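Below is one structure, written out as C-alpha coordinates; the observations come after it.
The values are calculated or read from the model by the stated rules, or taken from the named source; none is laboratory data. Since we're looking at a predicted model, the values are computed, not measured. Here the Cβ positions follow ideal geometry from the backbone for every residue, glycine too, while neighbour counts run over all protein chains shown.
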Amino acid sequence: MGLVFCWLNFCTSLCMLYTTISIVKSQYEHRQLLRGQQAFKEVDTRWQGVAGTLSHILHKTISSGSETNKGSSDKDVSNTGPIILVPSKPHIVFIVADDLGYNDVGYHGKRMGSIADTPAIDALAYSGVRLENYYVQPRCTPTRASLLTGRYPIRLGLQVGNIDVGDSTCLPLDETTLSEKLRDLGYATHAVGKWHLGFSRPACLPTRRGFESFIGILMGHATHIDQTRANINALFTNESAEWSYSNESNHIYSSELYTQHAVNIITNHNSSQPLFLYLSHQAPHSPMEALRKYQTGYMLEHPDIWNAMAKKRISSLRRDYLGLVKSLDDSVHTVTETLKDAGIWNNTVLVFTSDNGGRGSGAGNNWPLRGRKGALFEGGIKAVGLVNSPLLPTRVVGTIQNGLMHVSDWFPTLVEGVAGGKTRDGRLPLDGMNLWPTISKGSLSPRSEILHNIKTQTPSTKERKSKRESWEYLRKDCITV
Ligand SMILES: [Ca+2]
(Lines give C-alpha, C1' and ligand atoms only; values in the text may rest on other atoms or scores of the structure.)
Protein backbone atom coordinates (compact mmCIF):
# COMPACT_ATOMS: atom_id res chain seq x y z
CA MET A 1 0.00 0.00 0.00
CA GLY A 2 2.84 2.32 1.00
CA LEU A 3 4.62 1.47 -2.21
CA VAL A 4 1.52 2.39 -4.25
CA PHE A 5 1.18 5.70 -2.36
CA CYS A 6 4.80 6.57 -3.03
CA TRP A 7 4.33 5.75 -6.72
CA LEU A 8 1.28 8.03 -6.93
CA ASN A 9 3.21 10.84 -5.24
CA PHE A 10 6.06 10.36 -7.70
CA CYS A 11 3.68 10.50 -10.66
CA THR A 12 1.96 13.62 -9.33
CA SER A 13 5.30 15.37 -8.86
CA LEU A 14 6.35 14.37 -12.34
CA CYS A 15 3.15 15.80 -13.80
CA MET A 16 3.62 19.07 -11.87
CA LEU A 17 7.22 19.29 -13.05
CA TYR A 18 6.15 18.72 -16.67
CA THR A 19 3.41 21.35 -16.37
CA THR A 20 5.88 23.84 -14.89
CA ILE A 21 8.37 23.18 -17.68
CA SER A 22 5.62 23.61 -20.28
CA ILE A 23 4.54 26.94 -18.80
CA VAL A 24 8.12 28.20 -18.65
CA LYS A 25 8.75 26.99 -22.20
CA SER A 26 5.55 28.66 -23.44
CA GLN A 27 6.49 31.94 -21.76
CA TYR A 28 9.98 31.70 -23.23
CA GLU A 29 8.62 31.08 -26.73
CA HIS A 30 6.16 33.96 -26.32
CA ARG A 31 8.99 36.28 -25.32
CA GLN A 32 11.04 35.05 -28.28
CA LEU A 33 8.09 35.64 -30.59
CA LEU A 34 7.63 39.17 -29.28
CA ARG A 35 11.37 39.72 -29.64
CA GLY A 36 11.23 38.40 -33.20
CA GLN A 37 8.28 40.59 -34.08
CA GLN A 38 10.08 43.59 -32.66
CA ALA A 39 13.18 42.69 -34.64
CA PHE A 40 11.10 42.29 -37.78
CA LYS A 41 9.46 45.66 -37.23
CA GLU A 42 12.90 47.23 -36.97
CA VAL A 43 14.08 45.47 -40.11
CA ASP A 44 10.83 46.27 -41.90
CA THR A 45 11.15 49.92 -40.95
CA ARG A 46 14.69 50.02 -42.26
CA TRP A 47 13.61 48.37 -45.52
CA GLN A 48 10.77 50.78 -45.93
CA GLY A 49 13.08 53.68 -45.22
CA VAL A 50 15.21 52.85 -48.22
CA ALA A 51 12.43 51.61 -50.44
CA GLY A 52 13.55 53.74 -53.32
CA THR A 53 16.97 52.17 -53.58
CA LEU A 54 16.62 48.51 -52.59
CA SER A 55 15.53 46.03 -55.19
CA HIS A 56 13.98 43.54 -52.76
CA ILE A 57 11.34 45.48 -50.87
CA LEU A 58 9.11 43.67 -48.44
CA HIS A 59 5.95 45.53 -47.73
CA LYS A 60 2.62 44.88 -46.13
CA THR A 61 -0.25 44.78 -48.50
CA ILE A 62 -3.70 43.38 -48.80
CA SER A 63 -3.98 40.04 -50.52
CA SER A 64 -7.10 41.14 -52.31
CA GLY A 65 -7.41 44.31 -54.33
CA SER A 66 -3.82 44.33 -55.49
CA GLU A 67 -5.14 44.78 -59.03
CA THR A 68 -5.81 48.40 -58.37
CA ASN A 69 -2.60 49.15 -56.50
CA LYS A 70 -0.49 51.63 -58.39
CA GLY A 71 3.15 50.70 -58.30
CA SER A 72 4.98 48.82 -55.63
CA SER A 73 5.75 51.59 -53.20
CA ASP A 74 4.38 51.47 -49.68
CA LYS A 75 2.07 54.41 -50.18
CA ASP A 76 -0.61 52.05 -51.45
CA VAL A 77 -0.54 49.87 -48.36
CA SER A 78 -3.82 49.63 -46.53
CA ASN A 79 -4.04 48.93 -42.81
CA THR A 80 -7.18 46.85 -43.03
CA GLY A 81 -7.76 43.22 -43.90
CA PRO A 82 -5.40 40.28 -43.64
CA ILE A 83 -1.75 41.25 -43.65
CA ILE A 84 0.68 39.15 -45.64
CA LEU A 85 4.23 39.67 -46.76
CA VAL A 86 4.80 39.77 -50.49
CA PRO A 87 7.63 41.05 -52.63
CA SER A 88 7.01 44.12 -54.73
CA LYS A 89 6.02 43.61 -58.36
CA PRO A 90 9.12 42.60 -60.27
CA HIS A 91 10.46 44.63 -63.14
CA ILE A 92 9.87 42.94 -66.48
CA VAL A 93 12.35 43.24 -69.34
CA PHE A 94 11.07 41.55 -72.48
CA ILE A 95 13.60 41.24 -75.30
CA VAL A 96 12.43 40.13 -78.74
CA ALA A 97 14.79 38.98 -81.49
CA ASP A 98 13.56 39.18 -85.07
CA ASP A 99 13.90 36.09 -87.29
CA LEU A 100 16.45 34.42 -85.01
CA GLY A 101 16.93 30.79 -86.05
CA TYR A 102 16.50 27.99 -83.55
CA ASN A 103 20.13 26.94 -84.05
CA ASP A 104 21.49 30.47 -84.01
CA VAL A 105 22.16 30.62 -80.29
CA GLY A 106 25.28 29.05 -78.86
CA TYR A 107 23.44 27.00 -76.25
CA HIS A 108 21.65 25.02 -78.92
CA GLY A 109 24.89 23.42 -79.86
CA LYS A 110 26.56 25.22 -82.77
CA ARG A 111 25.87 22.21 -84.95
CA MET A 112 25.28 21.77 -88.68
CA GLY A 113 27.13 24.86 -89.79
CA SER A 114 25.97 27.20 -87.06
CA ILE A 115 28.79 29.01 -85.34
CA ALA A 116 26.58 31.50 -83.56
CA ASP A 117 28.57 33.13 -80.82
CA THR A 118 26.10 34.37 -78.23
CA PRO A 119 27.82 34.31 -74.82
CA ALA A 120 25.39 36.75 -73.19
CA ILE A 121 22.28 34.90 -74.34
CA ASP A 122 23.90 31.58 -73.43
CA ALA A 123 24.75 32.83 -69.95
CA LEU A 124 21.12 33.82 -69.38
CA ALA A 125 19.99 30.44 -70.69
CA TYR A 126 22.32 28.38 -68.54
CA SER A 127 21.50 30.36 -65.41
CA GLY A 128 17.77 30.61 -66.15
CA VAL A 129 15.02 28.39 -67.51
CA ARG A 130 15.31 27.31 -71.15
CA LEU A 131 11.96 26.92 -72.87
CA GLU A 132 12.40 24.00 -75.23
CA ASN A 133 8.79 23.28 -76.14
CA TYR A 134 7.92 26.86 -76.93
CA TYR A 135 5.99 28.02 -79.99
CA VAL A 136 5.32 31.33 -81.67
CA GLN A 137 3.61 32.25 -84.94
CA PRO A 138 5.48 31.91 -88.26
CA ARG A 139 5.70 35.67 -88.96
CA CYS A 140 6.37 38.94 -87.16
CA THR A 141 2.93 40.56 -86.87
CA PRO A 142 0.91 37.51 -85.76
CA THR A 143 3.47 36.66 -83.06
CA ARG A 144 3.61 40.20 -81.71
CA ALA A 145 -0.17 40.49 -81.82
CA SER A 146 -0.55 37.27 -79.86
CA LEU A 147 2.14 38.32 -77.40
CA LEU A 148 0.50 41.67 -76.61
CA THR A 149 -3.09 40.38 -76.42
CA GLY A 150 -2.79 36.81 -75.11
CA ARG A 151 -5.03 35.69 -77.95
CA TYR A 152 -4.61 33.66 -81.12
CA PRO A 153 -4.09 35.71 -84.31
CA ILE A 154 -7.28 34.25 -85.81
CA ARG A 155 -9.26 36.23 -83.23
CA LEU A 156 -7.49 39.42 -84.27
CA GLY A 157 -7.83 39.13 -88.03
CA LEU A 158 -4.07 38.87 -88.21
CA GLN A 159 -3.71 35.16 -88.98
CA VAL A 160 -2.76 35.58 -92.63
CA GLY A 161 0.55 37.38 -92.39
CA ASN A 162 2.27 40.65 -91.70
CA ILE A 163 0.79 44.13 -91.72
CA ASP A 164 2.45 45.88 -94.63
CA VAL A 165 3.36 49.55 -94.94
CA GLY A 166 0.25 50.55 -96.88
CA ASP A 167 -2.25 48.45 -94.93
CA SER A 168 -5.05 50.24 -93.14
CA THR A 169 -5.39 47.55 -90.49
CA CYS A 170 -3.68 47.32 -87.12
CA LEU A 171 -3.96 45.44 -83.87
CA PRO A 172 -7.73 45.65 -83.19
CA LEU A 173 -8.50 48.64 -81.02
CA ASP A 174 -10.94 46.77 -78.78
CA GLU A 175 -8.17 44.46 -77.60
CA THR A 176 -6.55 45.00 -74.21
CA THR A 177 -2.79 44.89 -74.54
CA LEU A 178 -0.19 43.52 -72.16
CA SER A 179 1.25 47.00 -71.80
CA GLU A 180 -2.16 48.42 -70.87
CA LYS A 181 -2.65 45.75 -68.22
CA LEU A 182 0.79 46.31 -66.73
CA ARG A 183 0.34 50.09 -66.87
CA ASP A 184 -2.92 49.69 -64.92
CA LEU A 185 -1.00 47.61 -62.39
CA GLY A 186 1.36 50.51 -61.78
CA TYR A 187 4.14 49.70 -64.22
CA ALA A 188 6.12 52.26 -66.16
CA THR A 189 5.82 50.96 -69.72
CA HIS A 190 8.31 51.66 -72.46
CA ALA A 191 8.68 50.24 -75.97
CA VAL A 192 11.92 50.38 -77.92
CA GLY A 193 12.53 49.01 -81.41
CA LYS A 194 10.23 47.37 -83.92
CA TRP A 195 6.45 47.70 -83.58
CA HIS A 196 4.91 46.06 -86.70
CA LEU A 197 1.34 46.10 -85.38
CA GLY A 198 0.03 48.81 -87.68
CA PHE A 199 0.32 52.58 -87.83
CA SER A 200 -2.34 53.72 -90.28
CA ARG A 201 -3.86 56.10 -87.72
CA PRO A 202 -2.83 57.52 -84.34
CA ALA A 203 -4.99 55.05 -82.39
CA CYS A 204 -2.79 52.23 -83.68
CA LEU A 205 0.48 53.63 -82.31
CA PRO A 206 2.34 52.11 -79.36
CA THR A 207 1.72 55.20 -77.24
CA ARG A 208 -2.04 54.62 -77.68
CA ARG A 209 -1.69 50.91 -76.81
CA GLY A 210 -0.37 51.14 -73.30
CA PHE A 211 3.20 52.37 -73.70
CA GLU A 212 4.26 55.65 -72.11
CA SER A 213 7.07 56.05 -74.59
CA PHE A 214 8.26 54.60 -77.85
CA ILE A 215 11.27 54.95 -80.06
CA GLY A 216 11.80 52.74 -83.07
CA ILE A 217 10.29 51.79 -86.38
CA LEU A 218 6.57 51.24 -86.84
CA MET A 219 6.90 48.97 -89.88
CA GLY A 220 8.41 45.53 -90.31
CA HIS A 221 11.93 46.56 -91.18
CA ALA A 222 14.16 49.44 -92.17
CA THR A 223 17.85 49.75 -92.84
CA HIS A 224 19.98 48.94 -89.82
CA ILE A 225 22.51 51.59 -90.74
CA ASP A 226 20.25 54.64 -90.81
CA GLN A 227 16.66 53.43 -90.14
CA THR A 228 15.24 54.34 -93.52
CA ARG A 229 12.83 52.52 -95.82
CA ALA A 230 12.89 53.43 -99.52
CA ASN A 231 15.17 56.33 -98.52
CA ILE A 232 12.52 57.71 -96.17
CA ASN A 233 13.23 58.16 -92.49
CA ALA A 234 11.40 55.36 -90.66
CA LEU A 235 12.39 56.25 -87.10
CA PHE A 236 9.77 57.57 -84.69
CA THR A 237 9.81 58.88 -81.17
CA ASN A 238 6.39 58.49 -79.64
CA GLU A 239 4.08 59.78 -82.38
CA SER A 240 6.48 61.97 -84.35
CA ALA A 241 9.25 61.31 -86.82
CA GLU A 242 12.66 61.24 -85.12
CA TRP A 243 15.26 63.24 -87.04
CA SER A 244 18.10 63.27 -84.51
CA TYR A 245 19.93 60.45 -86.25
CA SER A 246 19.09 61.25 -89.85
CA ASN A 247 22.34 63.00 -90.81
CA GLU A 248 25.09 60.68 -91.90
CA SER A 249 27.32 61.88 -89.07
CA ASN A 250 24.61 60.93 -86.56
CA HIS A 251 23.68 57.51 -87.86
CA ILE A 252 23.59 54.81 -85.19
CA TYR A 253 23.31 51.14 -86.00
CA SER A 254 19.85 49.85 -85.09
CA SER A 255 20.90 47.37 -82.37
CA GLU A 256 23.08 50.03 -80.77
CA LEU A 257 20.46 52.75 -81.08
CA TYR A 258 17.82 50.64 -79.38
CA THR A 259 20.29 49.50 -76.73
CA GLN A 260 21.20 53.13 -75.97
CA HIS A 261 17.57 54.01 -75.39
CA ALA A 262 16.97 50.90 -73.31
CA VAL A 263 19.96 51.86 -71.17
CA ASN A 264 18.63 55.41 -70.78
CA ILE A 265 15.23 54.11 -69.70
CA ILE A 266 16.73 51.74 -67.13
CA THR A 267 19.23 54.28 -65.82
CA ASN A 268 16.63 57.02 -65.39
CA HIS A 269 13.93 54.75 -64.01
CA ASN A 270 12.59 55.31 -60.50
CA SER A 271 13.22 51.86 -59.03
CA SER A 272 10.33 52.14 -56.58
CA GLN A 273 7.99 51.76 -59.54
CA PRO A 274 7.90 48.48 -61.47
CA LEU A 275 9.25 48.74 -65.01
CA PHE A 276 8.02 47.03 -68.14
CA LEU A 277 10.60 47.45 -70.89
CA TYR A 278 9.68 45.95 -74.25
CA LEU A 279 12.91 45.84 -76.25
CA SER A 280 12.06 44.64 -79.72
CA HIS A 281 15.19 44.43 -81.85
CA GLN A 282 15.14 44.29 -85.62
CA ALA A 283 18.26 42.12 -85.60
CA PRO A 284 18.88 39.68 -87.15
CA HIS A 285 16.06 40.48 -89.62
CA SER A 286 16.95 41.70 -93.09
CA PRO A 287 18.48 43.78 -94.55
CA MET A 288 21.68 41.84 -93.94
CA GLU A 289 23.71 44.83 -92.82
CA ALA A 290 26.29 44.00 -90.21
CA LEU A 291 28.95 46.36 -88.99
CA ARG A 292 32.44 45.07 -89.67
CA LYS A 293 33.27 44.87 -85.99
CA TYR A 294 30.51 42.30 -85.57
CA GLN A 295 31.58 40.29 -88.62
CA THR A 296 35.28 40.00 -88.19
CA GLY A 297 35.13 38.06 -84.96
CA TYR A 298 33.56 35.13 -86.73
CA MET A 299 36.00 35.17 -89.59
CA LEU A 300 38.98 35.23 -87.26
CA GLU A 301 37.65 32.55 -84.94
CA HIS A 302 36.41 30.15 -87.58
CA PRO A 303 38.52 30.57 -90.75
CA ASP A 304 38.13 26.92 -91.78
CA ILE A 305 34.35 27.09 -91.60
CA TRP A 306 34.29 30.30 -93.58
CA ASN A 307 36.41 28.73 -96.27
CA ALA A 308 34.02 25.78 -96.41
CA MET A 309 30.99 28.01 -96.48
CA ALA A 310 32.52 30.20 -99.16
CA LYS A 311 32.55 27.15 -101.41
CA LYS A 312 28.80 26.90 -100.87
CA ARG A 313 28.43 30.57 -101.83
CA ILE A 314 26.56 31.52 -98.72
CA SER A 315 29.45 32.80 -96.69
CA SER A 316 28.74 36.48 -97.19
CA LEU A 317 25.08 36.19 -96.24
CA ARG A 318 25.87 33.96 -93.27
CA ARG A 319 28.66 36.25 -92.11
CA ASP A 320 26.36 39.27 -92.18
CA TYR A 321 23.53 37.40 -90.49
CA LEU A 322 25.79 36.22 -87.69
CA GLY A 323 27.08 39.77 -87.39
CA LEU A 324 23.50 40.87 -86.71
CA VAL A 325 23.18 38.07 -84.18
CA LYS A 326 26.38 39.29 -82.54
CA SER A 327 25.02 42.83 -82.26
CA LEU A 328 21.90 41.38 -80.66
CA ASP A 329 23.96 39.43 -78.13
CA ASP A 330 26.01 42.50 -77.29
CA SER A 331 22.76 44.34 -76.60
CA VAL A 332 21.57 41.61 -74.26
CA HIS A 333 24.88 41.86 -72.39
CA THR A 334 24.68 45.65 -72.11
CA VAL A 335 21.07 45.66 -70.96
CA THR A 336 21.71 42.97 -68.35
CA GLU A 337 24.75 44.78 -66.98
CA THR A 338 22.82 48.06 -66.89
CA LEU A 339 20.06 46.42 -64.87
CA LYS A 340 22.71 45.25 -62.40
CA ASP A 341 24.41 48.64 -62.25
CA ALA A 342 21.05 50.31 -61.66
CA GLY A 343 20.46 48.00 -58.69
CA ILE A 344 17.22 46.55 -60.02
CA TRP A 345 18.43 43.27 -61.53
CA ASN A 346 17.68 41.31 -58.35
CA ASN A 347 14.02 42.18 -58.73
CA THR A 348 13.77 41.69 -62.49
CA VAL A 349 12.24 38.99 -64.65
CA LEU A 350 13.94 38.94 -68.05
CA VAL A 351 12.42 37.14 -71.03
CA PHE A 352 14.26 36.54 -74.28
CA THR A 353 12.40 35.22 -77.32
CA SER A 354 12.49 35.11 -81.07
CA ASP A 355 9.34 36.08 -82.95
CA ASN A 356 9.61 33.31 -85.55
CA GLY A 357 12.15 30.94 -87.08
CA GLY A 358 15.10 31.93 -89.23
CA ARG A 359 14.70 32.56 -92.94
CA GLY A 360 17.10 29.80 -93.89
CA SER A 361 19.64 29.76 -96.71
CA GLY A 362 22.25 31.31 -94.48
CA ALA A 363 20.01 33.95 -92.93
CA GLY A 364 18.93 31.71 -90.09
CA ASN A 365 19.74 28.14 -89.17
CA ASN A 366 16.82 26.20 -87.70
CA TRP A 367 18.50 22.80 -87.51
CA PRO A 368 17.30 20.20 -86.54
CA LEU A 369 13.85 21.62 -87.20
CA ARG A 370 12.17 21.35 -90.57
CA GLY A 371 11.04 24.48 -92.35
CA ARG A 372 11.72 28.17 -91.99
CA LYS A 373 10.08 31.53 -91.28
CA GLY A 374 6.57 31.64 -92.70
CA ALA A 375 6.00 27.89 -92.41
CA LEU A 376 3.90 26.02 -89.90
CA PHE A 377 6.59 23.38 -89.68
CA GLU A 378 8.60 23.59 -86.52
CA GLY A 379 11.41 25.53 -88.17
CA GLY A 380 8.98 28.41 -88.54
CA ILE A 381 7.25 28.33 -85.20
CA LYS A 382 9.37 26.56 -82.59
CA ALA A 383 11.35 29.41 -81.13
CA VAL A 384 14.29 30.28 -78.99
CA GLY A 385 12.93 31.26 -75.59
CA LEU A 386 14.25 31.64 -72.07
CA VAL A 387 13.50 33.27 -68.74
CA ASN A 388 16.13 34.49 -66.33
CA SER A 389 15.63 36.13 -62.97
CA PRO A 390 17.32 36.19 -59.58
CA LEU A 391 13.78 35.66 -58.26
CA LEU A 392 13.68 32.12 -59.67
CA PRO A 393 14.12 29.40 -57.04
CA THR A 394 17.47 27.63 -57.09
CA ARG A 395 15.95 24.31 -58.06
CA VAL A 396 14.80 25.59 -61.47
CA VAL A 397 17.90 27.62 -62.25
CA GLY A 398 19.76 26.10 -65.18
CA THR A 399 16.94 23.72 -66.08
CA ILE A 400 15.21 22.91 -69.35
CA GLN A 401 11.44 23.33 -69.31
CA ASN A 402 9.74 20.98 -71.76
CA GLY A 403 6.20 22.02 -70.92
CA LEU A 404 4.24 23.14 -73.95
CA MET A 405 4.07 26.93 -74.24
CA HIS A 406 2.75 29.41 -76.82
CA VAL A 407 3.60 33.07 -77.27
CA SER A 408 0.04 33.99 -76.21
CA ASP A 409 0.88 32.60 -72.77
CA TRP A 410 3.14 35.53 -71.92
CA PHE A 411 0.12 37.80 -71.32
CA PRO A 412 -1.37 35.84 -68.39
CA THR A 413 2.05 34.56 -67.31
CA LEU A 414 3.35 38.10 -66.80
CA VAL A 415 0.10 39.76 -65.67
CA GLU A 416 -1.06 37.05 -63.29
CA GLY A 417 2.06 35.07 -62.53
CA VAL A 418 4.66 37.81 -62.25
CA ALA A 419 2.74 41.04 -61.59
CA GLY A 420 -0.04 39.51 -59.47
CA GLY A 421 -2.85 41.01 -61.55
CA LYS A 422 -6.01 39.55 -63.01
CA THR A 423 -6.87 38.73 -66.60
CA ARG A 424 -10.36 37.30 -66.18
CA ASP A 425 -11.99 40.66 -65.67
CA GLY A 426 -14.76 40.75 -68.24
CA ARG A 427 -12.56 41.57 -71.21
CA LEU A 428 -12.23 39.36 -74.25
CA PRO A 429 -11.30 35.80 -73.26
CA LEU A 430 -7.67 34.81 -73.50
CA ASP A 431 -6.18 31.86 -75.34
CA GLY A 432 -2.99 32.17 -73.32
CA MET A 433 -2.44 30.35 -70.07
CA ASN A 434 -0.47 31.33 -66.98
CA LEU A 435 2.71 29.29 -67.14
CA TRP A 436 4.53 31.04 -64.32
CA PRO A 437 4.11 27.99 -62.02
CA THR A 438 5.60 25.88 -64.82
CA ILE A 439 8.54 28.22 -65.31
CA SER A 440 9.21 29.10 -61.69
CA LYS A 441 8.31 25.82 -59.97
CA GLY A 442 8.60 23.19 -62.66
CA SER A 443 4.88 22.39 -62.47
CA LEU A 444 3.27 20.58 -65.37
CA SER A 445 2.25 22.89 -68.18
CA PRO A 446 -1.52 23.40 -68.27
CA ARG A 447 -1.33 23.58 -72.07
CA SER A 448 -1.86 20.41 -74.12
CA GLU A 449 -2.44 21.88 -77.59
CA ILE A 450 -1.91 25.00 -79.66
CA LEU A 451 -4.07 26.47 -82.37
CA HIS A 452 -1.32 27.41 -84.78
CA ASN A 453 -3.63 28.90 -87.36
CA ILE A 454 -6.99 28.79 -89.11
CA LYS A 455 -6.78 29.17 -92.83
CA THR A 456 -9.40 31.58 -94.12
CA GLN A 457 -8.06 32.48 -97.53
CA THR A 458 -8.58 30.59 -100.79
CA PRO A 459 -10.88 27.99 -99.24
CA SER A 460 -11.20 24.70 -101.00
CA THR A 461 -14.55 23.17 -102.00
CA LYS A 462 -14.46 21.06 -98.92
CA GLU A 463 -13.64 24.05 -96.80
CA ARG A 464 -16.57 26.02 -98.22
CA LYS A 465 -18.84 23.07 -97.57
CA SER A 466 -18.19 23.19 -93.91
CA LYS A 467 -16.56 26.11 -92.17
CA ARG A 468 -15.59 23.89 -89.33
CA GLU A 469 -13.76 21.56 -91.68
CA SER A 470 -11.69 24.46 -92.93
CA TRP A 471 -10.00 24.84 -89.59
CA GLU A 472 -6.38 24.04 -89.82
CA TYR A 473 -6.33 22.90 -86.26
CA LEU A 474 -2.87 21.55 -85.81
CA ARG A 475 -2.16 19.80 -82.61
CA LYS A 476 1.41 19.93 -81.54
CA ASP A 477 1.93 16.23 -82.14
CA CYS A 478 0.62 16.51 -85.71
CA ILE A 479 3.61 18.54 -86.81
CA THR A 480 6.48 16.49 -88.09
CA VAL A 481 10.04 17.62 -87.95
CA1 LIG B 1 10.22 38.17 -87.52
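General remarks:
- Filter result (in a helix (DSSP H, G or I) and of a type in the set (V, I, T)) within region 170-222: T207
- Scanning region 111-131 for residues that are surrounded by fewer than 15 Cβ atoms within 10 Å (Cβ to Cβ) and within 17 Å of T296 (Cα to Cα) yields one hit, P119.
- Counted residues, region 230-249 - those being in a strand (DSSP E or B) and either hydroxyl-bearing (S, T, Y) or buried (at least 16 other Cβ atoms within 10 Å of the Cβ) (or both): 5
- Near pairs, Cβ below 6 angstrom, 6+ apart or cross-chain, from region 350-370 (closer than 29 Å to I266 by Cα) to any residue that is near the ligand (Cβ under 9 Å from one of its atoms) and of a type in the set (S, T, Y): D355/T143; N356/T143
- The sole residue among P153, P172 that is within 30 Å of T207 (Cβ to Cβ) and more than 16 Å from the ligand (Cβ to nearest atom) is P172.
- Count - residues of region 328-365 that are away from the ligand (no atom under 15 Å from the Cβ) and either of a type in the set (A, V, I, L, M, F, W, C) or assigned to a helix (DSSP H, G or I) (or both): 21
- For R144, the conditions (1) among the basic types (K, R); (2) within 16 Å of the ligand (Cβ to nearest atom); (3) more than 25 Å from V415 (Cβ to Cβ) all hold with the exception of (3).
- Taken together, I154, I163 contain a single residue that is under 23 Å from G371 (Cβ atoms), buried (at least 23 other Cβ atoms within 10 Å of the Cβ) and not charged (D, E, K, R), which is I163.
- Breaking point among (1) modelled with pLDDT of 95 or more; (2) polar (S, T, N, Q); (3) farther than 25 Å from A342 by Cβ, for N231: (1)
- From T259, T228, residue being without any contact (Cβ under 8 Å) to a residue 40 or more places away in the chain and polar (S, T, N, Q): T228
- Selection count, region 391-424, where residues are free of Cβ contacts under 8 Å to residues at least 24 places away in the same chain and within 25 Å of R155 (Cβ to Cβ): 3
- Qualifying residue in region 132-150 (condition: touching an Asp or Glu at 6+ places or on another chain (Cβ under 6 Å), closer than 30 Å to N103 by Cα and of a type in the set (S, T, Y)): yes
- Options N264, N270: the member that is outside any loop (DSSP other than H, G, I, E, B) and polar (S, T, N, Q): N264
- Filter result for R395 (over 17 Å from I121 (Cβ atoms), more than 21 Å from the chain's Cα centre (by Cα) and either within 16 Å of the ligand (Cβ to nearest atom) or not aromatic (F, W, Y) (or both)): no
- When I252 is tested against (1) part of a loop (DSSP other than H, G, I, E, B); (2) more than 24 Å from the chain's Cα centre (by Cα); (3) touching a residue at least 24 places away in the same chain (Cβ under 8 Å), just one condition goes unmet, and that condition is (3).
- Residue match in region 122-141 (condition: within 16 Å of the ligand (Cβ to nearest atom) and part of a strand (DSSP E or B)): yes
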